[in-house]
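Just so you know, all these numbers are worked out from the coordinates, no wet-lab data involved. Just so it is clear, the model here is predicted, and its values are computed rather than measured. When we count neighbours, we look across all protein chains shown, and the Cβ atoms used for this are built from the backbone with ideal geometry, even at glycine.
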Amino acid sequence: MLKNLRVVLVRPRGSGNIGSIARAMKNMGARELAIVGTARTRSFWARAMAVHGRDVLSKAKCYGTIREAIADCTLVVGTTCRGGLYRKHSQSPREVAPTIAAAARTGKVALIFGPEDHGLSNQDLEPCQLLVTIPAHTEYQSLNVAQATVICLYEIFLASLAEFREEGIQRARAEDIERLYDIMRGALLKIGFLDSENPEHMLLAFAAFSAAPVWKTPTCGSLPACSGKSSGMPRKVGRWWRKKKNGGSRFAKGGAEVRSIIGNLYRS
């Protein structure tokens with residue numbers, strides 16, 4: 001049922017947790033385990049906790065970055081137990097499960113879990129189109145990563161059993177979306193809109209209000225044209241930005257115009 005679902009563990013610390021996750025994946029029909037960083041998948045505890053999920057464990061692939069691990073995925077879902085400016089749009093596993101199950105019928109879907117000690121950072125969450133938060137008692141909301149994986153996979157498995165309705169769209173791959181953001185980052189750094197010391201702060205905000213709810217292949221398929229236009233973007237926008245910046249209306253008055261410019265770039 002979940003053969004297209006890829007569970008991505010980012011810098012996991014406990015080999016026992018990795019084994020437990022492999023077992024949960026086998027229980028729910030998921031087969032692809034990806035690990036960002038190094039992990040002891042062959043340790044005693046990993047194998048002991050995997051039980052009959054050792055085949056999933058043995059086929060786990062390691063990657064250097066999240067971007068590499070999700071490159072061919074058409075939907076990327078992050079998990080978090082924390083709130084914050086860039087995490088307000090998170091949903092429960094039950095709410096997001098139908099979307100994940102539907103996307104997994106036609107393409108690869110990545111479900112990302114962070115390190116046991118602090119979870120996914122804001123930078124880790126950048127490529128995520130959806131965020132999941134598991135509701136828990138306010139006294140202690142942080143779940144063990146293996147427990148969180150079981151809950152998410154269970155909800156997605158149940159959703160996959162429901163009657164399927166064709167989405168009617170072809171989702172773009174994560175790598176193509178990341179290339180779009182590379183273009184945007186370079187253009188906005190050139191015109192001085194982004195702080196060169198911390199450009200990701202504003203880029204996370206852009207991802208929240210300028211990104212389409214669903215990235216489509218035709219949009220990302222026009223990358224060569226976007227790349228050409230973005231190289232001339234500083235000349236086109238530079239005078240406007242300096243005027244807005246000097247006038248003290250950097251965000252209040254200029255936000256809509258920036259969104260329009262970026263929107264036109266995406267639609268090119």
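A few points about this structure:
- Derived scalar couplings ³J(HN,Hα) [the range 42-56; Karplus, 6.51 cos²θ - 1.76 cosθ + 1.60; whole Hz; x for Gly, Pro]: 9, 5, 4, 5, 4, 5, 5, 6, 6, 6, 7, x, 5, 5, 5
- Look at Lys3, Lys88 and count the other Cβ atoms within 10 Å of each Cβ; fewest to most, that gives Lys88, Lys3.
- Order of Thr138, Thr133 - criterion: other Cβ atoms within 10 Å of each residue's Cβ, fewest first: Thr138, Thr133
- Computing FRET efficiency as 1/(1 + (r/R0)^6) for Tyr63 and Glu139, where r is the C-beta to C-beta distance and R0 is 30 Å, gives about 0.25.
- Rounded if a/c under 1.5, otherwise prolate or oblate - the range 5-161, Cα gyration tensor axes: rounded
- With 22 Å as the limit, the listed pairs Lys3/Lys26; Lys26/Lys61; Lys61/Lys108 all fall inside it between alpha carbons.
- Extended-chain gain in nm, criterion 0.36 nm per residue less alpha-carbon gap, Glu163 and Asp182: 3.0 nm
- For Arg42, Arg13, Arg94, order by how many other beta-carbon atoms lie within 10 Å, fewest first: Arg42, Arg13, Arg94
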